[in-house]
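Scroll down for the structure; my scribbles are underneath it.
The values are calculated or read from the model by the stated rules, or taken from the named source; none is laboratory data. Keep in mind it's a predicted model, so treat the numbers as computed, not measured. Virtual Cβ from ideal backbone geometry, glycine too; neighbours counted across all protein chains shown.
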Amino acid sequence: MNKTFLTVICLMFVACAVHAQASLDEIDRRAWHDAVSPLDVEAVDMSDIPVRKMKHRASDRCMSLNGSWMLTGADSINSDISVPCNVPGSIHTALKGAGVIPDPCLGRNDTIAERCSYRRWYVTRTFDYDGTMSNPLLSFKGVANKCRIFINGMLAAEHEGMFGEPDIEAERYLKRGENVIKVELLPIPEIYNGGWPATANEAWKHTVVANCVYGWHYSKIPSMGIWSDVQILDRPDLRIETPFFITRSVEGDMRMQITFPNVTTGEIRLLIKPYNFDGKAQTFAKTINEAKGNVAFDFKIKEPSLWWPNGVGSPNLYDAEIQLLIDGKVRSVCERRFGIRTVEMKPFPEGKREDLYNWTFCINGHDMFVKGTGWCMMDALLDFSREKYERFLSVARQQNIQLIRAWGGGMPETDTFYELCDEKGIMVMQEWPTAWNSHETQPFEMLRETVVSNTVRLRNHPSLVMWGGGNESEKPYGRAIDMMGHLSVELDGSRPFHRAEAWGGSRHNYNCWWDEMHLNHNLNMTARFWGEFGVPSLPSVESVMKYLNDEEYVWPPKKESVFTHHTPIFGTNGEISRLGQYAGYFTSLETLDDVVFGSQMAQVVGVRHTLERSRTMWPNTTGALYYKLNDNYPGLSWSSIDYYGVIKPLHYFAKRAFEPTTTVLLFDRTNMAGQEVSIPYYLLDDNNTITDRNVKARLSVWNHKMKCVLDTLITIKPKGRVEKISDIVLKDNQTLSEMLYMKTDLLKDDGTLIARNWYFCNYETRRGVMQESCAADVCFEQDGNTITIKNQSDWPAVGVTIDVPGMSSSLLLSDNYLWIDPGETVIVDANTSRPAIVKWWNSKNK
């Protein structure tokens, strides 16, 4: 046997071994082999019909019972309380609005609100019903948490689980004319098992709720109330239900699955029309004969407009109207919104591995490094208004966020959240409400109901790209997790499911903060996919002053102070010491302004460098989600927008770190003073917009005296998404400075600015030095919503910050925390014309 033959045999063996290697996704799928996806069933083809043959009809009747209800006490402690209660909403908001309890977000008032969760309440609504519905269904989309429902004095249902949907066949309870619905909210149990922290109520581990409001983090006001919609639905015997639209290909090949509750013969007609873009409507039809259960229909959209993530393309959406005709008459109508988009998960460059999920997101055939953040349940008091969602998700879109992780400490998010994510092109990784192996103790049927009802509710949203078992369970297997995986296939099948996060190649890291490591740790840490990491910071001074509720700021704050109470775990685990460490890298902590500024700068440093390093590691690192975008309660936290909606500095630095096309510097330390260093310099171009084009990278370095110690211009013709420009070497005499500032501009060949990024270091040489560099002379003027800022100095103005007093919670600027070159003029757009103020770090007036 010759060498050539042996070589061929060996190569064939290796090839077969590689081919046989399975990913963790495939191994999981084998565990649910008996689950049949809607994509796997046989479908019937729908034929095009002329648009004029199909006229718009209203959807099946739905009577909303949202609005004003009455909240009354149901025990001796609060039996004399009777106040208006808005539905959707919480009992705490109603009690606050009526002046029964003080604002739970101020001072230590949350402890008063918490006690209300351990009492029994009634929520009552009187309404008129005309008696004309067929088989009416009373549907509650969300009640927290355990309740009994009475209709006209008769017990109609009992239910537990915040995210199940108690549905009641209501015909035998309702009457023509006036009706009364009374919902009895049973007390939240108090269970203390010495967990982490010992003061947390661990009742959440034995039910299904948003668990982050039970005292292990953020807030301790267990959710209570009718928090989502209440409706009475008309349900004729012959009807269609739960339509599901699935993209089979980006060429417009689609599948629609609809459910026929009863044997039905007739015709299905389908109208498809653009929602947020210009295009032509299409109509389809198919005759059905004795159809029952789930039936799949295939159709093709001509000249499809795809749904794309933020920063890649337009998030195009379609509206669908499905009609059931019997004997030529329309008997039932459903409407849904959907997008044409595919999700494929590809392996890392080395190929599939049994211990790794495929972590490369491929959307519509486009491989992506996904830029993202975590998402917390939006409000401990259950305010899920569209205005609040619009605020936070608009900021996320501006931050170049492409993927939000709706994590297992929170909730299967609301319809409003998903509608806005659809419209803004923000993808969502939706986890079920489990954490730290709680799936082992949470009631199985309650979890199953949560998964079934919410999968069916959410599966049409193109923004939803992944299901997840929950947060930080190190044992994500067993009956409950298998149920979730099985149903992700059986009820959906168009997007992946992961057992837990972090798992299968994703990583979480909090050595900075919980382990008190230096910020240098975050500058150097790496992962194949970042599911969570971050550094907490205080909200704005305005927000802190609000929740301090007239308490005077002192450092160090006392253990029993309001300031301490509004920190993670309520100051019971060394939070003040950690705050002093991280904010103390930058400031003296003497004033509230100092400690806010210091903590916010620590957050900037601890997050932006990890994001940038991760992007340079593509395709071996495929995404980075920092923790997190928002809060459900005001205080020291990991968010980039505080509870009141005020944007922190991290937002603007993360925005620059996430720009689709930009340049970045990779630091391995925060203090370079007097050291010779070599700094890797990279160009990033996610969408290959400048591939094979000459561009220029200009880097300038300035010391504390605002003397330029390096100014270099490098021409590069990038060949891919990640290009190393150079290693920037700085000698020890160039870094010998109390502060060191670096600015990099990416320019077109003609000098037009594409993107700017800038950095600061050496601030640990002396506390407070960061705002003491040689002062710049800056002037500005405002014309309506436009603010024009000019640097009149011969050196840069750094940290140029715009604020609009009284508007912080709604203010959105096109940019902020700016670097302005000598003699440069910068224009910033604001979403308000109210008078702005401008400050900068190297200013004479501090």
Checklist entry - For the subset of the stretch 789-820 comprising residues that are of a type in the set (D, E, K, R) and under 35 Å from the mean Cα position of the chain (by Cα), which member is farthest from residue 393 (Cα to Cα)? => result 803
Next on the checklist: Please verify whether residue 585 is modelled with pLDDT of 95 or more, farther than 24 Å from residue 393 by Cα and in contact with a Leu (Cβ under 9 Å, 6 or more places away or on another chain), treating the condition exactly as stated.
Outcome noted: yes
Checklist entry - What pairs can you find where one residue is in the stretch 676-693 and farther than 20 Å from residue 737 by Cβ, the other is buried (at least 16 other Cβ atoms within 10 Å of the Cβ) and aromatic (Phe, Trp, Tyr), and their Cβ atoms are less than 7 Å apart, with a gap of 6+ or different chains? => result 686/369
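In this structure, does residue 377 turn out to be farther than 30 Å from residue 62 by Cα and of a type in the set (A, V, I, L, M)?
no
Got at least one residue in the stretch 388-400 being more than 19 Å from the chain's Cα centre (by Cα), within 25 Å of residue 317 (Cα to Cα) and among the hydroxyl-bearing types (Ser, Thr, Tyr)?
The answer is no; no qualifying residue exists.
To keep it simple, each residue is scored yes or no on (1) basic (Lys, Arg); (2) touching a Lys or Arg at 6+ places or on another chain (Cβ under 9 Å); (3) farther than 15 Å from residue 446 by Cα.
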position: 116; (1), (2), (3): no, no, yes
position: 150; (1), (2), (3): no, yes, yes
position: 153; (1), (2), (3): no, yes, yes
position: 156; (1), (2), (3): no, yes, yes
position: 162; (1), (2), (3): no, no, no
Checklist entry - Any residue in the stretch 575-591 that is outside the structural domain of residue 817 (by TED's automatic domain parsing), crowded, with 24+ Cβ neighbours inside 10 Å, free of Cβ contacts under 8 Å to residues at least 60 places away in the same chain and not basic (Lys, Arg)? => result yes
Checklist entry - Limited to the stretch 713-754, what total is found for residues that are part of a strand (DSSP E or B) and surrounded by 17 or more Cβ atoms within 10 Å (Cβ to Cβ)? => result 15
Checklist entry - Does residue 759 count as in contact (Cβ under 8 Å) with a residue 12 or more places away in the chain, under 23 Å from residue 823 (Cα atoms), buried (at least 20 other Cβ atoms within 10 Å of the Cβ) and not basic (Lys, Arg)? => result yes
Checklist entry - When you go through 331, 341 one by one, which is the residue that is farther than 17 Å from residue 51 by Cα and modelled with pLDDT under 95? => result 331
Checklist outcome for this item: Exception for residue 424 within (1) surrounded by fewer than 23 Cβ atoms within 10 Å (Cβ to Cβ); (2) over 21 Å from residue 207 (Cα atoms); (3) more than 13 Å from the chain's Cα centre (by Cα) falls at (3)
Checklist entry - Just one of 62, 85 is of a type in the set (A, V, I, L, M, F, W, C) and within 14 Å of residue 125 (Cα to Cα); which is it? => result 85
Checklist outcome for this item: Result of the Cβ filter at 7 Å on the stretch 195-211, keeping first residues that are farther than 24 Å from residue 383 by Cα and partners that are part of a helix (DSSP H, G or I), at least 6 apart or interchain, is 195/202; 197/569
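Identify all residues within the stretch 109-138 that are small (Gly, Ala, Ser) and buried (at least 18 other Cβ atoms within 10 Å of the Cβ); write none if there are none.
If the condition is that a residue be small (Gly, Ala, Ser) and buried (at least 18 other Cβ atoms within 10 Å of the Cβ), then 113, 117 are the ones that fit.
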Checklist entry - What are the residues in the stretch 54-76 that are assigned to a loop (DSSP other than H, G, I, E, B), assigned by TED's automatic domain parsing to the domain that holds residue 181 and either free of Cβ contacts under 8 Å to residues at least 40 places away in the same chain or β-branched (Val, Ile, Thr) (or both), if any? => result 76
Checklist entry - Any residue at all in the stretch 74-87 that is under 26 Å from residue 634 (Cα atoms), surrounded by 18 or more Cβ atoms within 10 Å (Cβ to Cβ) and β-branched (Val, Ile, Thr)? => result yes
Next on the checklist: One residue is enough: does the stretch 378-395 have a residue meeting the conditions under 15 Å from residue 620 (Cα atoms) and crowded, with 19+ Cβ neighbours inside 10 Å?
Outcome noted: no
Next on the checklist: Being assigned by TED's automatic domain parsing to the domain that holds residue 405 and either not aliphatic (A, V, I, L, M) or not in a helix (DSSP H, G or I) (or both) narrows it down to one residue among 456, 428, 451; which is it?
Outcome noted: 428
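Per-residue answers, yes or no, for (1) assigned to a helix (DSSP H, G or I); (2) at pLDDT below 95; (3) touching an Asp or Glu at 6+ places or on another chain (Cβ under 6 Å); (4) closer than 21 Å to residue 716 by Cβ:
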position: 609; (1), (2), (3), (4): yes, no, no, no
position: 621; (1), (2), (3), (4): no, no, no, no
position: 628; (1), (2), (3), (4): no, no, no, no
position: 644; (1), (2), (3), (4): no, no, no, no
position: 653; (1), (2), (3), (4): yes, no, no, no
position: 668; (1), (2), (3), (4): no, no, no, no
position: 684; (1), (2), (3), (4): no, no, no, yes
Next on the checklist: Please count how many residues of the stretch 457-506 are within 14 Å of residue 28 (Cβ to Cβ) and of a type in the set (Val, Ile, Thr).
Outcome noted: 2
Checklist entry - Given the conditions (1) on the phi > 0 side of the Ramachandran plot; (2) in a loop (DSSP other than H, G, I, E, B), and given that residue 569 satisfies all but one, which numbered condition is not satisfied? => result (2)
Checklist outcome for this item: Considering the stretch 139-153, residues that are within 23 Å of residue 187 (Cβ to Cβ) and over 30 Å from the mean Cα position of the chain (by Cα), and then whichever is surrounded by the most Cβ atoms within 10 Å (Cβ to Cβ), we arrive at 149
Item to check | the stretch 8-33, residues that are modelled with pLDDT of 50 or more, among the hydrophobic types (A, V, I, L, M, F, W, C) and in a helix (DSSP H, G or I) | outcome: 20, 24, 27, 31
Checklist entry - When both residues are 6+ apart or on different chains and their Cβ atoms are under 6 Å apart, which pairs have a first residue that lies in the stretch 419-435 and is at pLDDT 95 or above, and a second that is among the acidic types (Asp, Glu) and surrounded by 24 or more Cβ atoms within 10 Å (Cβ to Cβ)? => result none
